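Structure first, commentary second.
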Amino acid sequence: MLVVCINCYNDMPILKQTVESVYSQVDRIIAVDGRYYDFPDRQPYSTDGTIEYLSGLDKVELVFSAGLFESDKRNVYMDMLNDGDTVLVLDGDEYIKGTISPLVGADIGLVYLGQRGGSYRRIATRFFKYRKGLRHNGIHFILEYGGRWFNNRRHAVNGFKEKNINTFRIHHLNQLRPRSRKEQKEIYKQSARSRESQFKIMPYE
């Protein structure tokens, strides 16, 4: 099964482009709504129409989790996946261009992510084959399996197979957010970076 997982919080109207870019291509969309821990806003859940929009879509399974660290919020959707699912992870301000296909013959798909200035880099944390026990750890996009790395940000490690994905790319829509929302996100990112700098990962030996 092909599943898209989205973390969201007050992401309208750009969330519509996120969802519409994948809706016809996937079997399930799991959307987890709620404010991250330390995000500078008082409301626990979206108040801008995000919930109403997602609730009206047949393929969307909307769940609520607020006040969690980013990795813990991401593990909410990980707990809803099934062995063998091909999983694409997006945020509420991202969309894809191209065709998503099930990941065959690999554990990790190296996908291009668009950056500021029109550049791209390959990342390994957004497209993967799910297996029971796979989790996000203390760093928000690092995946671990059995207490060890499944992948880091750039590639699969420790014997897991990776594959270059050229059929689609991930693009950001953050530039379309209101200035106040961008400022909130920058404040949150500084806090998250500080926490993550203290986290230690034990790779396979």
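The values are calculated or read from the model by the stated rules, or taken from the named source; none is laboratory data. Small disclaimer: the values here were computed from a predicted structure and weren't measured. For neighbour counting, all protein chains shown are included, and Cβ atoms are generated from backbone atoms with ideal geometry for every residue, glycine included.
Once region 18-39 is narrowed to residues that are buried (at least 16 other Cβ atoms within 10 Å of the Cβ) and polar (S, T, N, Q), the residue that is nearest to the chain's Cα centre (by Cα) is T18.
For region 144-190, give me each residue that is of a type in the set (D, E) and surrounded by 16 or more Cβ atoms within 10 Å (Cβ to Cβ).
Within region 144-190, E144, E162 meet the criteria.
In this structure, is L176 touching a helix residue (DSSP H, G or I) at 6+ places or on another chain (Cβ under 8 Å) and either over 25 Å from E61 (Cβ atoms) or basic (K, R) (or both)? It is true that L176 is touching a helix residue (DSSP H, G or I) at 6+ places or on another chain (Cβ under 8 Å) and either over 25 Å from E61 (Cβ atoms) or basic (K, R) (or both).
Taken over region 35-94, the criterion of being among the hydrophobic types (A, V, I, L, M, F, W, C), within 12 Å of C8 (Cα to Cα) and assigned to a strand (DSSP E or B) is satisfied by L62, V63, F64, V89, L90.
Identify all residues within region 95-104 that are of a type outside the set (G, A, S), part of a loop (DSSP other than H, G, I, E, B) and surrounded by fewer than 20 Cβ atoms within 10 Å (Cβ to Cβ); write none if there are none. Matches in region 95-104: T99, P102, V104.
If I ask for residues that are surrounded by fewer than 18 Cβ atoms within 10 Å (Cβ to Cβ) and over 24 Å from N152 (Cα atoms), which ones from region 63-94 would you list? Hits for region 63-94 are V63, F64, A66, G67.
Only one of these is of a type outside the set (K, R), part of a strand (DSSP E or B) and within 14 Å of the chain's Cα centre (by Cα): H171, H140. Name it. Give the derivation first.
Working: H140 fails: part of a strand (DSSP E or B).
Checking each option against the conditions leaves just H171.
Can you pull out the residues in region 109-130 that are outside any strand (DSSP E or B) and either surrounded by 21 or more Cβ atoms within 10 Å (Cβ to Cβ) or modelled with pLDDT of 95 or more (or both)?
First pass over region 109-130, keeping only residues outside any strand (DSSP E or B): 115-119, 124-126, 130.
Result: A124, T125, R126, Y130.
Taking every residue in region 181-204 that is closer than 21 Å to P13 by Cα and pairing it with any residue that is among the β-branched types (V, I, T) and at pLDDT below 70, at least 6 positions away or on another chain, yields no pair with a Cβ-Cβ distance below 8 Å. The conditions of being under 16 Å from D83 (Cα atoms), in contact with a strand residue (DSSP E or B) (Cβ under 6 Å, 6 or more places away or on another chain), free of Cβ contacts under 8 Å to residues at least 60 places away in the same chain and not acidic (D, E) are met by L134. Restricted to region 156-165, and to residues there that are modelled with pLDDT of 90 or more, more than 19 Å from V4 (Cβ to Cβ) and not charged (D, E, K, R), the residue that is nearest to the chain's Cα centre (by Cα) is N164. Tell me which residues, restricted to region 143-168, are part of a strand (DSSP E or B) and basic (K, R). Once the filter is applied, which keeps residues that are part of a strand (DSSP E or B) and basic (K, R), region 143-168 yields R148, K163. Quick check: is even one residue across region 51-60 surrounded by 21 or more Cβ atoms within 10 Å (Cβ to Cβ), within 16 Å of I30 (Cα to Cα) and in contact with a Cys (Cβ under 7 Å, 6 or more places away or on another chain)? No, the conditions are met nowhere in region 51-60.
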